[in-house]
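Okay, structure first, notes after.
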Amino acid sequence: MRFKTLVFGALFSFGLLLTIGVSYGYERAVEAEAADTIEAPMIVADDDAASGGQFIWMEGDPATGGGGEGWAEYKLHISAPGTYALWGKVLAWDGNSDSFWVTWQPADPDENAQETQNTEFRWGVAQGNEWHWDRINHWLDGGTFEREWEIAEAGETTLRIAVREDACMLDVIYITDNLSEDEAEVNPRDPIPEDSLTPVEPQDKLATTWGKLKTGR
C-alpha cells in the first residue's frame, strides 16, 4: 500500500509539473477601425463583408498608386515578453493597391517610415479582391520575408499602420506568439468578446461610406 501511495504521489506531482509548464500562447484580434487615432487621409469605410461592417483605407482608385500620408495607431497591451507576429485581414485589388508601412514600438525604432521609405517597414500585401489573411512582412528589395517582433517587456506597445498606396484595405489585425508561416496552423480570426478585456477604444476617426463595397471590382 505504501508503494502504491508513493507511485501515485510521484505521478500526480509529475502531471502537475507538466500542467504548470504548458504554454497556451497569446492571441488577440483587433478591429482595424478601433484604432486609438486615425490620421487623414486614412479613413473608416463601410463594407457588409468586413468584420464589424467596417475597415480602414486611404480612399482612391488603385490605378493611381500611392499616398504618403495618413495612418492608424493602436495602443496594444502585451501581457508577457516574447516574440510576436502580426496578421492582417486585407483586400488589395492589384499591384497599385497592395502595401502599407508598419512599425511596432518599442521593438521597432521611433521612425516615420513614410518619410524614410525604409523597406524594413514595408508590408507587401497579398493581392486578392475578397477579404483574406496575410502575415505582415518585410517587402525588401531582395525579396519578401515574414516579420517577427521581440517585445522585451510586458506593457503598452504602439502599432502604426501607415498608408503607402491608395485603396489598400485593412479589416482586422491579429496578434500572436505563434510564429508559424502556415495560416492553417496559426488560424487567425476575427475579434471575439474576450479580446475586449484590454479594449482599444476608437477615437478621432474620420468616417466615410464606401457603400456596399463591390469586391469583384
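The values are calculated or read from the model by the stated rules, or taken from the named source; none is laboratory data. Keep in mind that this is a model prediction, so the values were computed, not measured. With ideal geometry, Cβ positions are generated from the backbone for all residues, glycine too; neighbour counts draw on all protein chains shown. For accessibility, only protein heavy atoms count, side chains too; no ligands or nucleic acids. Shrake-Rupley method; radii C 1.70, N 1.55, O 1.52, S 1.80 Å.
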Could you check the spin-label model distance between residue 132 and residue 182? Points 7 Å from the Cα along Cα→Cβ, value in nm. 1.9
Once phi is turned into θ = phi - 60°, what whole-Hz ³J(HN,Hα) does the Karplus curve with 6.51, -1.76 and 1.60 give for every residue of the stretch 154-165, x standing for Gly and Pro? 5, x, 7, 10, 10, 9, 10, 10, 10, 5, 10, 10
On full extension of the chain, what length is gained from residue 118 through residue 140, given 0.36 nm per residue of separation minus the C-alpha to C-alpha distance? 7.0 nm
Farthest toward the dipole's positive end in the stretch 24-178, which of 97, 84, 37, given Cβ charges of +1 (Lys, Arg) and -1 (Asp, Glu) about the Cα centre? 84
Spelling out what I want: for every residue of the stretch 117-126, take phi, set θ = phi - 60°, compute 6.51 cos²θ - 1.76 cosθ + 1.60 (Karplus), and round to whole Hz; glycine and proline get x. 6, 6, 5, 4, 10, 8, 9, x, 7, 5
For residue 172, residues with placed amide H under 5 Å, excluding near neighbours: 32, 89
Given a 1.4 Å probe and every protein chain left where it sits, what share in percent of the accessible area of the stretch 35-100 is carbon and sulfur? 44
Under the Karplus relation with 6.51, -1.76 and 1.60 and θ = phi - 60°, whole-Hz ³J(HN,Hα) for the stretch 135-150, x at Gly and Pro, equal 6, 5, 10, 8, 9, 8, 5, x, x, 10, 9, 5, 8, 9, 10, 8
Ignoring ligands and nucleic acids, residue 93 exposes an accessible area, probe 1.4 Å, in Å² to the nearest 10, of 40
Given H placed on each backbone N at 1.01 Å, which residues far from residue 118 in sequence or on other chains put an amide H within less than 5 Å of it? none
